[in-house]
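*Asks:* Questions regarding the structure given below will be posed in turn.
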Amino acid sequence: MARALTARNPRTGVHDFSFHALDPPEVAQTAQALRAAQPAWEALGLQGRAEALLGFADALGRLGEPISAALELDTGRRRLARLELEGVRASLGGWAAFAQQQTPPDWVAGRSHAHLRHKPQFRPYTLVGVISPWNFPLTLALIDAVPALLAGAAVLIKPSEVTPRFIAPLQAALDAAGLGALCRLCPGDAITGAAVLETADAVCFTGSLATGRKIAEAAARRLIPAFLELGGKDPLIILASADLDRAVDAALRGATLATGQACQSIERIYVARSVLPPFLERLVERAQGLRLNWPDIAQGEIGPIIFDKQAELLAEHLADAVAKGARVLTGGAIERHGGGCWLRPTVLADVTHEMRVMREETFGPILPVMAFDRVEEAVALANDSPYGLSAAVIAGDVAEAETVALQIDAGAISLNDAALTALFHEAPKHAFKGSGLGGSRMGPQGFERFLRRKAMIANDQAPTPIEAFAEEA
Ligand code: NAD
């Protein structure tokens with residue numbers, strides 16, 4: 001039975017968009033059609049598929065305007081909506097160039113048995129399911145889908161029900177590029193997502209730790225691989241040798257880009273006690289210079305909180321921190337304008353690891369700052385987290401930052417900057433601890449994980465007779 005859902009506009013608070021959520025039988029039907037189309041797509045070969053992806057990049061160029069307009073309504077931000085579209089087009093070009101560098105597999109001589117040789121064959125999963133969140137709706141719907149398509153899989157994408165407006169124009173661009181039979185977007189909620197899991201041969205999930213556990217359990221029951229990219233609580237360590245202006249810039253961008261609604265946001269800042277006062281002073285001054293993009297969406301750096309439940313969580317984290325002794329140096333209260341929820345960059349001092357704001361993912365523009373006396377203490381605090389997505393270290397030079405970075409239990413560390421994984425997707429990385437599971441999404445592995453390796457093993461001599469294995473008398 002069709003289910004009608006509505007989506008809230010983050011700038012007005014009005015549920016002004018309704019859509020039809022796909023139910024399990026509809027998802028199964030879509031999956032069946034994708035499976036039927038996949039063999040021809042695989043047979044096209046890597047270069048043919050790369051060309052088709054370049055055709056999709058062209059289609060996004062021609063048909064991008066309605067996509068970024070829809071993303072703007074979904075997220076309440078204009079510049080990032082356009083940057084998402086540009087980023088996806090650039091990634092299509094990047095994956096096509098990657099494909100051109102690949103050479104067909106060749107025979108490899110055996111080492112343990114000289115008369116045997118082997119050659120790999122790569123077979124994609126037939127149908128890859130993608131389940132994505134609301135914070136970067138376009139980027140995260142496609143970040144795994146594009147390399148999966150390049151690998152030869154068909155792809156079923158279930159974007160977040162919080163930000164569904166971009167789905168129809170994106171599907172139109174896929175259709176225009178001739179990819180509509182290979183890649184379908186399924187509007188819907190958790191029920192739709194669960195149905196995708198029941199039909200895919202591999203699943204890529206980006207979202208919260210709590211949902212990620214459910215996805216992993218469901219995938220385990222079906223014995224399909226689950227690539228999970230979950231939450232984070234990224235620490236930033238600022239050593240005494242750091243250039244403080246650099247540290248302030250990195251901290252502020254790392255914590256407030258996309259209003260902190262990014263998995264790799266800086267959510268904890270540890271500063272050498274000797275430089276704490278000037279750091280806080282400059283951080284507060286710079287934070288106070290940032291503006292809301294309200295009432296004019298074309299002005300300002302801080303957008304609305306996209307998901308209203310997230311605003312409640314931010315308020316809870318702030319209240320908990322203040323009740324336990326944190327001082328609010330700037331920001332600190334959810335503001336309501338025109339029906340939307342905003343939070344100005346909020347700097348907290350005197351925080352401890354007893355506070356939720358230092359332990360749980362906040363997903364907002366909050367910068368809790370804590371002093372440390374010894375570097376070992378800073379490393380222990382940074383590692384005192386259920387998450388291990390990424391981290392950052394700022395020191396006088398990269399070499400000094402690296403010595404500290406090596407001790408941090410996280411999958412990617414920005415040196416002398418912060419949150420660089422948002423910009424740079426070439427470096428393979430794993431999500432450590434509760435931040436994820438499965439092969440690297442970044443680098444060549446982001447493509448290879450959609451391929452199953454098949455080994456061709458040839459014998460150039462006479463086969464070994466069974467008698468060679470007779471029991472010794
Ligand atoms: P969420 O876990 O609530 O939802 C993510 C997606 O899962 C949505 O499409 C939702 O409909 C679907 N879903 C929910 N329950 C499901 C179920 N039982 N079965 C199948 N699908 C289900 O996450 P969110 O609130 O949309 O996104 C925010 C989270 O995403 C944050 O924790 C953030 O850190 C994380 N995130 C991680 C990365 C990364 O790369 N590691 C990137 C961006 C966001």
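*Asks:* Any idea which residue in region 164-179 is nearest to the chain's Cα centre (by Cα), counting only those that are open to solvent by less than 10 Å² (accessible area, probe 1.4 Å) and closer than 22 Å to Ala50 by Cβ?
*Replies:* Out of the qualifying residues, it is Leu170.
*Asks:* Something else about it: Of all residues in region 286-309, count the ones that are more than 13 Å from Arg344 (Cα to Cα) and either of a type outside the set (S, T, N, Q) or open to solvent by less than 60 Å² (accessible area, probe 1.4 Å) (or both).
*Replies:* Matching residues across region 286-309 total 8.
*Asks:* Report, by residue number, each residue of region 211-222 that is under 20 Å from the mean Cα position of the chain (by Cα) and more than 10 Å from the ligand (Cβ to nearest atom).
*Replies:* Passing the criteria: Ala216, Ala219.
*Asks:* Does Gly61 satisfy being within 15 Å of the ligand (Cβ to nearest atom) and not polar (S, T, N, Q)?
*Replies:* no
*Asks:* Between Leu142, Leu149, which is away from the ligand (no atom under 16 Å from the Cβ), crowded, with 18+ Cβ neighbours inside 10 Å and within 25 Å of Asp58 (Cα to Cα)?
*Replies:* Values: Leu142 fails: away from the ligand (no atom under 16 Å from the Cβ).
None of the other options fit; the residue is Leu149.
*Asks:* Which ones in region 263-298 are touching a strand residue (DSSP E or B) at 6+ places or on another chain (Cβ under 9 Å), of a type outside the set (D, E, K, R) and either within 16 Å of the ligand (Cβ to nearest atom) or free of Cβ contacts under 8 Å to residues at least 12 places away in the same chain (or both)?
*Replies:* Matches in region 263-298: Cys263, Gln264, Ser265, Ile266.
*Asks:* Looking at region 184-194, can you tell me whether even one residue there is open to solvent by less than 20 Å² (accessible area, probe 1.4 Å), within 23 Å of Arg3 (Cβ to Cβ), within 15 Å of the chain's Cα centre (by Cα) and within 14 Å of the ligand (Cβ to nearest atom)?
*Replies:* no
*Asks:* Something else: If I filter region 410-431 for residues that are modelled with pLDDT of 95 or more, touching a strand residue (DSSP E or B) at 6+ places or on another chain (Cβ under 6 Å) and surrounded by fewer than 16 Cβ atoms within 10 Å (Cβ to Cβ), do I get at least one hit?
*Replies:* No - not one qualifying residue is present in region 410-431.
*Asks:* If you don't mind, another one. Working only within region 196-210, note down all residues that are surrounded by 17 or more Cβ atoms within 10 Å (Cβ to Cβ) and within 8 Å of the ligand (Cβ to nearest atom).
*Replies:* Scanning region 196-210 gives Val196, Leu197, Phe205, Thr206, Gly207, Leu209.
*Asks:* Pick out the one residue from Ala21, Ala40, Ala59 that is farther than 18 Å from Ala177 by Cβ and among the hydrophobic types (A, V, I, L, M, F, W, C).
*Replies:* Numbers: Ala40 fails: farther than 18 Å from Ala177 by Cβ; Ala59 fails: farther than 18 Å from Ala177 by Cβ.
The unique qualifying residue is Ala21.
*Asks:* Look through Glu267, Glu217 and report the one residue that is surrounded by fewer than 20 Cβ atoms within 10 Å (Cβ to Cβ) and among the acidic types (Asp, Glu).
*Replies:* Numbers: Glu267 fails: surrounded by fewer than 20 Cβ atoms within 10 Å (Cβ to Cβ).
Selected residue: Glu217, the only one of Glu267, Glu217 that is surrounded by fewer than 20 Cβ atoms within 10 Å (Cβ to Cβ) and among the acidic types (Asp, Glu).
The values are calculated or read from the model by the stated rules, or taken from the named source; none is laboratory data. Keep in mind that what you see is a predicted model, and the values were worked out from it rather than measured. Neighbour counts run over all protein chains shown; Cβ positions are idealised from the backbone, glycine included. Remember, those area values only see protein heavy atoms, side chains included, never the ligands or the DNA or RNA. Shrake-Rupley method; radii C 1.70, N 1.55, O 1.52, S 1.80 Å.
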